[in-house]
Amino acid sequence: MKAAVMLDKGKLEIRDVPDIKPGPYECLCRNLYATTCTGTDMKLLWNKLPARDVKYPSILGHETVGIVLETGRGVRNFKIGDMVLRPVYGYPGTVVNGFANEFGGFSEYGLVTDRLSALEDGFPLSASEASYSRFQLKLPDSWCTVPESVLLITLKETFSWVRRFGSFYGKNIAVIGVGAVGMFILKFASLSAPRKLIAFASGKSGEERALHCGADELRVLPSEGSSSPDKFDFILDAAGMLDRIDFLAREMLCEGGTIGIYAVSGVPETRYVSSGFCLDRRGPDESNPLIHETSIRMVERGTISLKDFASSFFPFAEMPHAFDLIAQKKEFKPLFRF
């Protein structure tokens, strides 16, 4: 089978890799669709995640959906034909057939683990498998012909994250970043009727999609030494701003306001001296079954149209080219068909 393999810093190629077989509590899946977690995948590709050193060769990716082809003898919660989220060639941090996994999703075939059955039977799982398999949940069978189904991963992450902050009713909200994550955050923030909802980015190329997702306007993020005409009760970071906390708190945040950090930063966190605000670094809660079920209902009821949050569509073989386009800011959330 083939996989998207990082051979060196900045070098991604589609390569042949050995086949994998499911263990007693695993299912072998054929991947159908994939998408990039654009910020994280690009930082992994260029080995720019602080405190993480990418090993080579390594299989990239963690946003995939597939269909179960074969089940291990102890599997009780999956069956052949089920559509599942996040199959992996190998679990994050492991090495399989000589390939490391960061996080191992971009392969033609992958594994999901029946975590509940393994735990019930006392079967030992590695820490990585036990943790990551929480995200390997089923989708409705009818979604197997819908490439955008893979975007449910980002929907769940952002929905579960935004709801942690409670209601934005009557508040001034800033969202930094207008890629797919920023778009989902804008959409969910808009649903609680903020007084003002402003998107910020490094340029204006994402203006149309920001407005479509509920922003009142898109502004260029102020540079050091300049200030924002408005102060915000909440600043929601979808771009990786950990090195600019003092700037955000000083120039853009209301006294007693909150900065929520969602995005993975490509630079080490700098010490900040500002006070009188809340820095909220709680992550998403996407493995929560209620979040999973609610997210599916939002799509099926038409509250969220997943098509609004993707850019272009590519065959899996063209994934390296799509990453080049991301680097050129010509793509933000490409979809891939295996």
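Values quoted throughout were computed directly from the atomic coordinates according to the rules given, and no laboratory measurement underlies them. All values reported here derive from a predicted model rather than from experimental measurement. Here Cβ is always computed from backbone atoms with ideal geometry, including for glycine, and neighbour counts include all displayed protein chains.
A cut-off under 14 angstrom between Cβ atoms defines the neighbours of Glu217, and their net charge, with Lys, Arg +1 and Asp, Glu -1, is +1.
In a reduced charge model with +1 at each Lys and Arg Cβ and -1 at each Asp and Glu Cβ, the chain shows a dipole moment near 240 debye about its Cα centre. Helix content alone sets the calculated 222 nm mean residue ellipticity of the chain: runs of n ≥ 4 DSSP H residues at -39500 (n - 2.57) each, divided across all residues, give -6000 deg cm²/dmol. May I ask which of Lys138/Lys196; Lys43/Lys307; Lys156/Lys196; Lys9/Lys231; Lys231/Lys307 have a Cα-Cα span longer than 29 Å here? Where the Cα-Cα span goes over 29 Å, the pairs concerned are Lys138/Lys196; Lys9/Lys231; Lys231/Lys307. Near Tyr132, once Lys and Arg are set to +1 and Asp and Glu to -1 for all other residues with Cβ below 11 Å from its Cβ, the sum equals +2.
In this structure the amide hydrogen of Glu70, modeled in the peptide plane, comes within under 5 Å of the amide hydrogens of Leu28, none closer than 5 places in sequence on its chain.
For the chain, averaging the sequence separation of C-alpha pairs within contact (under 8 Å, six or more residues apart) and dividing by the residue count gives a relative contact order of 16 percent. In a reduced charge model with +1 at each Lys and Arg Cβ and -1 at each Asp and Glu Cβ, segment 161-280 shows a dipole moment near 300 debye about its Cα centre. When the Gaussian network model of the chain links Cα atoms closer than 10 Å, the mean-square fluctuations of Cys37, Cys27, Cys278 top out at Cys278. Here, P(r) means the percent of Cα pairs in each 5 Å bin from 0 to the largest distance; for segment 161-280 it is 2, 12, 25, 26, 22, 10, 3, 0.
Taking label positions 7 Å along the Cα-Cβ direction at both Ser205 and Asn97, the computed distance is 3.6 nm, reported to one decimal. Highest GNM mean-square fluctuation among Asp53, Asp41, Asp246, for the chain modelled with Cα contacts below 10 Å: Asp53. Between Ser227 and Ser312, the simple spin-label model (points 7 angstrom out along Cα→Cβ) gives 4.3 nm. Projected label points at Asp8 and Thr303, each 7 Å from Cα along the beta carbon direction, are separated by 4.9 nanometres. Taking Ile304, Ile235, Ile67 in turn, the Gaussian network model of the chain (Cα-Cα springs below 10 Å) assigns the largest fluctuation to Ile304. Judged by the gyration tensor of its Cα atoms, with axes a ≥ b ≥ c, segment 1-129 is prolate; a/c meets the 1.5 cut and a/b is the larger of a/b and b/c. Taking the empirical scaling 2.2 N^0.38 Å for compact globular proteins as reference, segment 63-162 has a Cα radius of gyration ratio of 1.08.
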